[in-house]
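Let me begin by presenting the structure, written as structure tokens, before commenting on it.
The values are calculated or read from the model by the stated rules, or taken from the named source; none is laboratory data. Only a predicted model underlies this, so the values are computations on that prediction, with no experimental measurement involved. Don't worry about glycine lacking a Cβ; one is built from the backbone with ideal geometry, like all the others, and counts go over all protein chains shown.
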Protein chains: 2
Amino acid sequence: MTKEPLGIGLIGCGTVGSGVARLLLEQPGRLASRAGRPLSLRRVLVRDVSKSRAVDLSRDLLTSDLRAVLDDPSIGVAVELVGGVDWARRAVLDLLAARKHDRAVAFEAAVAGGIPIVAALSQSLSANQIISLQGILNGTCNFILTAMSDQGWGYSEALVEAQKRGYAESDPTLDVDGTDAAHKLAILAQIAFGVGVSADAIEHRGIAGLHQNDIRYARELGYTIRLLAEAWLDTQAQNGKQLALHVSPVLLRHLAPLAQVRGAYNAIHVIGDPVGDTLYYGLGAGQMPTASAVVADIIDLAVGRAQQTFRTLRLWCSNGAGVGLRPSSTVRCRFYLRVLVRDRPGVLGLIARELARQEISISSVIQHEALDEHEGDIVPLVIMTHTALTGNFRAALAGIDSLGCVNPPSVYFPVAD
Amino acid sequence: MTKEPLGIGLIGCGTVGSGVARLLLEQPGRLASRAGRPLSLRRVLVRDVSKSRAVDLSRDLLTSDLRAVLDDPSIGVAVELVGGVDWARRAVLDLLAARKHDRAVAFEAAVAGGIPIVAALSQSLSANQIISLQGILNGTCNFILTAMSDQGWGYSEALVEAQKRGYAESDPTLDVDGTDAAHKLAILAQIAFGVGVSADAIEHRGIAGLHQNDIRYARELGYTIRLLAEAWLDTQAQNGKQLALHVSPVLLRHLAPLAQVRGAYNAIHVIGDPVGDTLYYGLGAGQMPTASAVVADIIDLAVGRAQQTFRTLRLWCSNGAGVGLRPSSTVRCRFYLRVLVRDRPGVLGLIARELARQEISISSVIQHEALDEHEGDIVPLVIMTHTALTGNFRAALAGIDSLGCVNPPSVYFPVAD
């Protein structure tokens, strides 16, 4: 080992930052042998240098001034782990501006924590046209869904347990409403399809308030509910290639690989041509799994791989030109629909008529006796449709929800087959 | 795109070779954009240039002389896909000798076809000490086991179906006796633990002749049988780190991720510190999945990543010095044991005594009425043990199989919990 150490500046020392610092300080031999040179932690930028921390950092590593990192010529890699958007963005731009040569950004940890999905899409599957991508990208939601399914808990009960275990924030909104998964899907869409799309432009529904009964009915029909971030490419569209993107709770067959993903785990199912199906599974969050991905990026930068990958990624982007976004109304799939109806003759006929008007046929129907949502003579009617245009399904749904015998709003989810 | 093309020489044009040729010829634009330069097929070495092929190759690409590849200065990457050992080894050594600079070997396709397990272990998990690795590395065996379990078929029936579908060779020995999985495990052990071990040194049992009844009893106990290649590191051993390696049918709990892997798929479950559990899943064989891995390697070579990874791999090897191989007799695990016994009083007591002599206690017992293996008064006795030393278990087994009331040989498998 004769090479110069690679100096590292850490921007932020929260949960993941202290994990990265721990790895760098506790495993210098392992990391040096894999990076081909020592990795040396030179600066740790924190808001308050006097605060006590989980990781034992010598006082002279700490600074609260970004300049101390920008101006340190011994720092070759800066690691931004601050969270938030505005300050972090400015810091990254300043850090890039402070260097003229060999600039590259690596971001394996940005999606699915310890799962090397960015490397898979940008390197290992580089011979492929990605056809589709289905991801469980939010461990909080997957934990809640698994607990509701396995323990029979209600949504609120499962959320409280997720908060107790540290899987959910005290304000869980961005996780449970699907926003976080949409952010991650935007990153994956960029790498896999070369399509630049803002997370705001991705339709997303979350799991907040999901009813235990829907989990039960789905199970009875042979399905498991998972919050999926999905992208699929239509190469046969009239006006060029079109990419559909959405985040939604989806019914998956019990034996589907993603249906088996339990608890706080993440997984991404990628179909490519020529590789076929592949799946990547692991912990999508947490201190050490995420630190594993961050330090792998640092090693890739030390070795020189990350710089080359970054150059290829840019080329790859231009490759995506010509891929348009597909309006969700034009996507075809099956639907699960639960309607609360007054228990009287002819109701099923009225609902079937609304579906038929939109050319949607029914694949199966369950009418149970009322469970706990029983109020007066209101009972749930569960319908699985055959494949339909999403736009048609939504129009039928509006018709159904305005029927006098229906207690709106009805609940629906796409079904993946 | 101003860069020079990268010239490619293909050694062998069988199933995988023609897949690689097809990708190179049919997707020049996609591959050039990802490699940063055109990939240009310059030579295809075949035994018989006049034979007709699945892929449409111009006659002047074909040669039957390795010299045509060795002496062509326009060839930057040679791809060996011949199969076999002796000729292929000499060809690779000749090809490496023909170049002096920037020599590197990439071999993603050598294990688990389209699954990027080599990249995961050598790059994405580079911050980790790998703790254990469990792989379904032979799709033929997994197809047979899944068919036996789902269809209730016998071993021979499932093998014939695997042959019909092209998953099994007409002589399936190397697949079904575990040799193929042991070869792949040796490669993974080298990358993950830096331990050079010959496949011959890895104890392996296959699935040939596996009895349908064992699949049924295992299911009844809550387990699924899979042929696993396993490596696990003991960092607490008295004489330094020790690595245990084996290939064997193993009982996995129904909900374990690897138990869900069905049909001809492969998967590898890797536990690392700090990343925790990760799993990689996909098609482990077949023309196009394997070609996907080969072409990803070519792109990595074009970009320059593969050369850097290759240098790091060598460093990584030296890191493994000091890891010894652990004798299987010292590995502790639970066991599934099926003994055919004469149905008379006291037999269970005799067997329990043999186990107790080796300090092995029984976790559960099933004694069924005889199924199809019923012969006279012979009935199967199925025992699950608590954790035991493998050496002790084997000694107990020898004792059991020499009891007068037992019809040897008894059948046993390790249990993964």
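Residue-wise test of (1) more than 16 Å from residue A:252 (Cα to Cα); (2) in a loop (DSSP other than H, G, I, E, B).
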{"site": "A:207", "(1), (2)": "no, yes"}
{"site": "A:224", "(1), (2)": "no, no"}
{"site": "A:227", "(1), (2)": "no, no"}
{"site": "A:230", "(1), (2)": "no, no"}
{"site": "A:236", "(1), (2)": "yes, yes"}
Can you name the residue in the stretch B:322-349 that is under 24 Å from the mean Cα position of the chain (by Cα) and aliphatic (A, V, I, L, M) and is also modelled with the lowest pLDDT among such residues?
-> B:323
Somewhere in the stretch A:114-137, is a residue among the polar types (S, T, N, Q) and under 28 Å from residue A:176 (Cα atoms)?
-> yes
Output the residues belonging to the stretch A:29-64 that are in contact (Cβ under 8 Å) with a residue 40 or more places away in the chain, within 14 Å of another protein chain (Cβ to nearest Cβ) and of a type in the set (A, V, I, L, M, F, W, C).
-> A:31, A:35, A:39, A:55
Could we say that residue A:308 is at pLDDT below 95 and either at positive phi or within 11 Å of chain B (Cβ to nearest Cβ) (or both) here?
-> yes
Exclusive hit being surrounded by fewer than 19 Cβ atoms within 10 Å (Cβ to Cβ), among the small types (Gly, Ala, Ser) and within 30 Å of residue B:292 (Cα to Cα), set A:132, A:156 | A:132
Selection within the stretch A:107-157 - closer than 24 Å to residue B:32 by Cβ, among the hydrophobic types (A, V, I, L, M, F, W, C) and not in a strand (DSSP E or B) | A:118, A:119, A:120, A:121, A:125, A:127
Give me the pairs, please: first residue somewhere in the stretch A:391-415 and touching a residue at least 60 places away in the same chain (Cβ under 8 Å), second residue anywhere and hydrophobic (A, V, I, L, M, F, W, C) and in a helix (DSSP H, G or I), beta-carbon distance under 7 Å, and either six or more positions apart or on two chains.
-> A:400/A:351; A:405/A:347; A:405/A:350; A:406/A:400; A:410/A:397; A:410/A:400; A:412/A:397
Considering every residue within the stretch A:383-399, establish whether at least one is modelled with pLDDT under 95 and either closer than 18 Å to residue A:252 by Cα or more than 32 Å from the chain's Cα centre (by Cα) (or both).
-> no
Can residue A:262 be described as within 8 Å of chain B (Cβ to nearest Cβ), farther than 30 Å from residue A:7 by Cβ and either among the aliphatic types (A, V, I, L, M) or surrounded by fewer than 24 Cβ atoms within 10 Å (Cβ to Cβ) (or both)?
-> yes
Does residue B:286 count as within 21 Å of the chain's Cα centre (by Cα) and crowded, with 22+ Cβ neighbours inside 10 Å?
-> no
